[in-house]
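A.B. asks: Before I ask anything, let me first share the structure, which is written out below as structure tokens.
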Amino acid sequence: MWQLKQLEKLREIEPDIVDGAIQMLLEKETVLKEKLIIGAYVDGDINFGKTAELLNLHPVQLRDLFLSRGIPIKIGVPSEAEIRAEGSSASKIWDEA
């Protein structure tokens, strides 16, 4: 799709414009936002805690959602950086609860 290619190129020069437009789209299209976030989790781009945070779900709610949809839940953390990221995301969720 030519539009995506042009957005990528424009983002290199005008990141605020592209990021703002994407943010507005995702705020309006909540199903798209959810699919992108879950896709990022499945691809390993974000961890479970960040996924819960971005979807504004408690980790138990996210686990139940994943189980109901047959989405694999990744257990274990391969690096210290990811352990810290998981802890940071989890603490934000618990603070808001």
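A.B. asks: Set the Förster radius R0 to 30 Å, insert the Cβ-Cβ distance between residue 6 and residue 30 as r into 1/(1 + (r/R0)^6), and round the FRET efficiency to 0.05. Intermediate results must be reported in sequence, preceding the final value.
C.D. replies: Values: r = 25 Å, r/R0 = 0.84.
Calculated value: 0.75.
A.B. asks: Now a separate question. Excluding residues on the same chain fewer than 8 positions from residue 92, give the aspartates and glutamates whose Cα lies under 18 Å from its Cα.
C.D. replies: Filter leaves 53, 82.
A.B. asks: Let me check against my output: what whole-number percent is the relative contact order of the chain, with C-alpha pairs under 8 Å and at least 6 apart? Numbers along the way, then the final one.
C.D. replies: Values: 54 pairs, mean separation 22.6, N = 97.
This gives 23 percent for the chain.
A.B. asks: Tell me the angle of helix 30-42 to the major Cα principal axis of the chain, expressed in degrees between 0 and 90 and rounded to the nearest ten.
C.D. replies: 60
A.B. asks: Match the structure shown to one of the listed values [x] 2.53; [y] 1.47; [z] 1.23 of Cα Rg over 2.2 N^0.38 Å, computed from it, and give that label.
C.D. replies: Of the listed options [x] 2.53; [y] 1.47; [z] 1.23, [z] comes from this structure.
A.B. asks: Kindly express, to the nearest 10 degrees and within the range 0 to 90, the angle between helix 2-13's C-alpha long axis and the longest C-alpha principal axis of the chain.
C.D. replies: Its long axis makes an angle of about 90 degrees.
A.B. asks: List the pairs from 9/33; 5/35; 9/74; 5/28; 50/74 whose alpha-carbon separation is above 24 Å, in the order I gave them. Please report the intermediate quantities before stating the final value.
C.D. replies: Values: 9/33 22 Å; 5/35 21 Å; 9/74 34 Å; 5/28 22 Å; 50/74 13 Å.
Pairs exceeding the cut-off: 9/74.
A.B. asks: Also, I was wondering about something else. Work out from phi, with θ = phi - 60° and the Karplus expression 6.51 cos²θ - 1.76 cosθ + 1.60, the ³J(HN,Hα) of each residue of the stretch 46-52, listed in order in whole Hz, and give x for Gly and Pro.
C.D. replies: Ordered by residue, 3J(HN,Hα) equals 9, 8, 4, x, 5, 4, 4 Hz.
Every number in this text was worked out from the coordinates using simple rules, so none of it is lab data. This structure is a prediction, so every number in the text was calculated from the model and none was measured. Virtual Cβ from ideal backbone geometry, glycine too; neighbours counted across all protein chains shown.
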